[in-house]
Amino acid sequence: MHVYEELNPAERELWDAYPTGRPVDLGTGGAQDAPEHGDGWGPERTIRGTVVTALLLGAHPGPPGTAPALRLRGARVSGCVDLGGAEIGHGLWFERCWFERSLNLSGAATRTVEIEDSRIPGVDLGMARVEGRVLLRGTVVDGRLTLNNARIAGELILTRAVLSHPGDWALFAGGLVAEGGVFCRGTVVRGGIRLPGAQLAGGLHLEGARVDHPDGDALLADSATVRTLALSDGFTAQGTISLRGAEIPDRLSFDGAVLDAPGTTLDCTRMRTGLLVFTPAGPPSGPVDLRGARTAALRDRDGVWPDVVRLQGFTYGSLDDEDGSRTASAAHRVTWIRRNPGYASQPYEQLASWYRQIGHDDEARRVLLARQRHRRKHLDGPARGWGLLLDATVGYGYRPWLAGVWLAALALIGTAVFLTRTPKPTEPGQVPPFNAFVYTLDLLIPIGGLGQRTAWYWPGGAAAWLAYALIAAGWILTTAVLAGISRTLNKN
């Protein structure tokens, strides 16, 4: 317990001001007021941490009818402010202060906590309950900011703050529950942000922030529930963004972001989101993993996807360009699907389903044809050969008109050749007149007959071999048409 007579002048001023919440400003107004010079401030600006602790624990509550609060500006806080597990009924505000030791509020129940434009070695709010907001705007935290399993009724504001804990978690906030938004606009984080299982009803806003954790996760928010996640407007991450199993019901935006990591740059496996805006400043340096993810709408543009995009199981309700239009061609989207390693049927089927949904059946057929061509590359020799035949003759059933082109070409060739030669009748005097065109069609059609093939024959020579070739071509075309159409009907 502090005796008033033992307090220095600065501490007495704070002691007297606390019961009514009157602000105490120990600044001089000079260039040395910047918090980075705080370790050189003298006794006239020094407040012991034990004095701050005593006041907040009720050492000087003041007369009835007053509203105590700690409001301190321009002070050097020496020693430790230890309020772990405390019940604090009043808010605390620090502005342009320098702290010698970390602030411990772990497990505490308190009201608003504001540390603005200050410098502090660390802040521990783990398991704390804050009936207000937590603000560290413009503050340099030379250590870890801990908020694991904390509950904040208002906002968490880290705008323009610097959190520095290189090689480790600079923001350690797994299980954080924040009813208001978490604002980290323009924040610099030297280390990682850890938010697994967090529930952020007001969203996480990292516009213009920079996170440097190149040997680990820049942002780990696995299984978190975040209403809106804004990693945009110049957001830069050195390290992996991990959103595995996250729920983002409104919007996930990478508009104008810079994503760089030695391995997987963005891991969104099993993620659920409303709108996914993937329009970063340039392609991420490493793979993007969207396996099993689901989004109501995906918005992107040309030239933003990396060489590897894992798409197996990724589903979406709509695909839009950056301006919100749906003008991307099937060829453009197939190029995107081909970034998926190996062969997988589901990404093609998902894309074809979307084209059908918007009434572009022709584009859907192009996608499904591209799927078969991709699959063919992973087949053995005979199967690949059969696939080539199906592709050339009927486009795997998605271009049946190709069979008509082949039929017309062969009919033209046969007619031209047979017009210059005369075959022999099978029964002289009892057969219909020879017609080169009808004879050629009779050879090409394997089922039924037009009466020419059975009435006339070639005793040998090139014409006979051409007749055999046309018969074989007819069977091949018929088989390919039936196989292609059957494949298409069964799949659809």
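Among the residues of the range 58-75, count how many are closer than 13 Å to residue 48 by Cβ and out of contact with any Leu (no Cβ under 8 Å at 6 or more places or on another chain). The total comes to 1.
Applying the condition of being open to solvent by 30 Å² or more (accessible area, probe 1.4 Å) and either among the basic types (Lys, Arg) or not in a strand (DSSP E or B) (or both) to the range 203-242 and asking which residue is farthest from residue 187 (Cα to Cα) yields 223. On the stretch given as the range 11-27, residues that are touching a residue at least 40 places away in the same chain (Cβ under 8 Å) and either assigned to a helix (DSSP H, G or I) or open to solvent by 70 Å² or more (accessible area, probe 1.4 Å) (or both) total 10. If you check 98, 169, 93 for being within 32 Å of the chain's Cα centre (by Cα) and either within 22 Å of residue 201 (Cβ to Cβ) or of a type outside the set (S, T, N, Q) (or both), only one passes: 169.
Would you check if residue 245 is open to solvent by 10 Å² or more (accessible area, probe 1.4 Å), out of contact with any Gly (no Cβ under 6 Å at 6 or more places or on another chain), outside any strand (DSSP E or B) and modelled with pLDDT of 95 or more? Answer is yes for this residue.
Looking only at residues in the range 44-60 that are part of a helix (DSSP H, G or I) and among the hydroxyl-bearing types (Ser, Thr, Tyr), the one that is nearest to residue 90 (Cα to Cα) is 53.
The number of residues in the range 457-478 being modelled with pLDDT under 75, under 15 Å from residue 410 (Cβ atoms) and open to solvent by 50 Å² or more (accessible area, probe 1.4 Å) comes to 2. Within the range 73-91, residues that are closer than 27 Å to residue 36 by Cα reach partners that are assigned to a loop (DSSP other than H, G, I, E, B) and among the hydroxyl-bearing types (Ser, Thr, Tyr) with beta carbons closer than 6 Å, at six or more positions or on different chains, in the pairs 84/106; 91/112.
With respect to residue 190, is the statement that it is part of a strand (DSSP E or B), more than 15 Å from residue 267 (Cα to Cα) and in contact with a strand residue (DSSP E or B) (Cβ under 7 Å, 6 or more places away or on another chain) true? Yes; evaluated as a whole, the condition is true for this residue. I'd like to check something: does the range 98-115 contain any residue that is part of a strand (DSSP E or B), acidic (Asp, Glu) and in contact with a Ser or Thr (Cβ under 7 Å, 6 or more places away or on another chain)? No, the range 98-115 contains no residue that is part of a strand (DSSP E or B), acidic (Asp, Glu) and in contact with a Ser or Thr (Cβ under 7 Å, 6 or more places away or on another chain). In the set (1) open to solvent by 20 Å² or more (accessible area, probe 1.4 Å); (2) within 30 Å of residue 355 (Cβ to Cβ); (3) among the hydrophobic types (A, V, I, L, M, F, W, C), the condition left unmet by residue 258 is number (2). Among the residues of the range 28-47, those that are in contact (Cβ under 8 Å) with a residue 40 or more places away in the chain and buried (at least 16 other Cβ atoms within 10 Å of the Cβ) comprise 33, 35, 38, 41.
Looking across 221, 198, one residue alone is of a type in the set (A, V, I, L, M, F, W, C) and touching a Lys or Arg at 6+ places or on another chain (Cβ under 9 Å). It is 221.
Scanning the range 132-151 for residues that are over 20 Å from residue 95 (Cα atoms) and either at pLDDT below 95 or part of a loop (DSSP other than H, G, I, E, B) (or both) turns up 147, 148, 149, 150. Answer yes or no: is there a residue in the range 339-361 that is at pLDDT 85 or above and touching a Pro at 6+ places or on another chain (Cβ under 8 Å). So far as the range 339-361 goes, yes, one or more of its residues are at pLDDT 85 or above and touching a Pro at 6+ places or on another chain (Cβ under 8 Å). Considering every residue within the range 96-108, establish whether at least one is closer than 20 Å to residue 137 by Cα, open to solvent by 70 Å² or more (accessible area, probe 1.4 Å), of a type in the set (D, E, K, R) and in contact with a strand residue (DSSP E or B) (Cβ under 6 Å, 6 or more places away or on another chain). Taking every residue of the range 96-108 in turn, at least one turns out to be closer than 20 Å to residue 137 by Cα, open to solvent by 70 Å² or more (accessible area, probe 1.4 Å), of a type in the set (D, E, K, R) and in contact with a strand residue (DSSP E or B) (Cβ under 6 Å, 6 or more places away or on another chain). For residue 454, the test of being open to solvent by 60 Å² or more (accessible area, probe 1.4 Å) and either of a type in the set (Ser, Thr, Tyr) or modelled with pLDDT of 75 or more (or both) is passed. Can you find, within the range 1-43, the residue that is farthest from residue 91 (Cα to Cα) among those that are under 51 Å from the mean Cα position of the chain (by Cα) and of a type in the set (Val, Ile, Thr)? Among them, the one singled out is 28.
Within the span defined as the range 131-140, every residue fails to be among the charged types (D, E, K, R), open to solvent by 20 Å² or more (accessible area, probe 1.4 Å), over 22 Å from residue 191 (Cβ atoms) and in contact with a Phe, Trp or Tyr (Cβ under 7 Å, 6 or more places away or on another chain). Applying the set (1) modelled with pLDDT under 95; (2) surrounded by 19 or more Cβ atoms within 10 Å (Cβ to Cβ) to residue 263 leaves exactly one unmet item: (2).
The values are calculated or read from the model by the stated rules, or taken from the named source; none is laboratory data. All values reported here derive from a predicted model rather than from experimental measurement. Methodologically, a virtual Cβ is constructed for each residue, glycine included, from the backbone with ideal geometry; neighbour enumeration extends over all protein chains shown. Keep in mind that these areas ignore ligands, DNA and RNA; they rest on the heavy atoms of the full protein, side chains included. Shrake-Rupley method; radii C 1.70, N 1.55, O 1.52, S 1.80 Å.
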